[in-house]
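Contents: one structure, followed by commentary.
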Amino acid sequence: MLATMISDPTEPVRALWERMHHRDWEGISRLLDGGFQAVWPQTSERIPSPAQYIGLNRNYPGNWVITVKTVDATAEGAVARVHIASTTDDVSLYAIGFYRVMGGKILGAEEYFADVGVAPYDRSEWVERI
């Protein structure tokens with residue numbers, strides 16, 4: 001009985017990003033708990049509901065290709081690392097998200113976005129380019 005109650009917390013998070021790639025807004029809404037909220041600390045923003053999260057992403061300018069790099073289970077749910085690239089200009093970025101998941105639903109998210117770019121100064125003495 002208990003085994004049937006436990007679900008893999010990475011599945012809804014991977015599905016979130018795959019549906020985001022395909023702009024499957026209805027599919028995304030089925031993944032989010034009714035009390036879902038997201039926080040974007042970099043810009044000091046809170047998205048207080050599933051409808052607002054979907055609306056924000058649906059209306060985000062540009063056309064984006066999203067590639068899921070990793071989704072790993074955590075104590076509270078899952079962490080995802082994805083690459084997001086614009087098909088209309090040279091914008092490319094990575095997103096890291098921490099998701100609280102229970103019963104196959106995403107309860108909340110804390111997402112960070114970072115532009116892909118060159119190092120701010122010559123660090124070649126200490127790093128290798130990948």
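The values are calculated or read from the model by the stated rules, or taken from the named source; none is laboratory data. Note that this is a predicted model, so its numbers are computed, not measured. All Cβ positions, glycine included, derive from the backbone under ideal geometry; neighbour counts span all protein chains shown.
Before moving on, here are some points about what is shown:
- Taken as a whole, the structure places Thr10 among residues that are buried (at least 16 other Cβ atoms within 10 Å of the Cβ), among the hydroxyl-bearing types (Ser, Thr, Tyr) and either in contact with a strand residue (DSSP E or B) (Cβ under 8 Å, 6 or more places away or on another chain) or more than 20 Å from Ala114 (Cβ to Cβ) (or both).
- One residue from Arg81, Arg100, Arg30, Arg58 being without any contact (Cβ under 8 Å) to a residue 60 or more places away in the chain, over 22 Å from Ser7 (Cβ atoms) and of a type in the set (D, E, K, R): Arg58
- Looking at the stretch 1-75, the helices (runs of 4 or more DSSP H) lying wholly inside it that each contain 2 or more residues that are closer than 17 Å to Gly103 by Cα, of a type outside the set (Ser, Thr, Tyr) and within 15 Å of the chain's Cα centre (by Cα) sit at 10-22, 25-31.
- Here Thr87 passes the criteria (1) touching a Phe, Trp or Tyr at 6+ places or on another chain (Cβ under 8 Å); (2) at pLDDT 95 or above except the one numbered (2).
- Test for Tyr53: is it at pLDDT below 95 and of a type in the set (Phe, Trp, Tyr): no
- Hits in the stretch 84-97 - residues which are farther than 14 Å from Gln37 by Cα, assigned to a strand (DSSP E or B) and either in contact (Cβ under 8 Å) with a residue 60 or more places away in the chain or hydroxyl-bearing (Ser, Thr, Tyr) (or both): Ser86, Ser92, Tyr94
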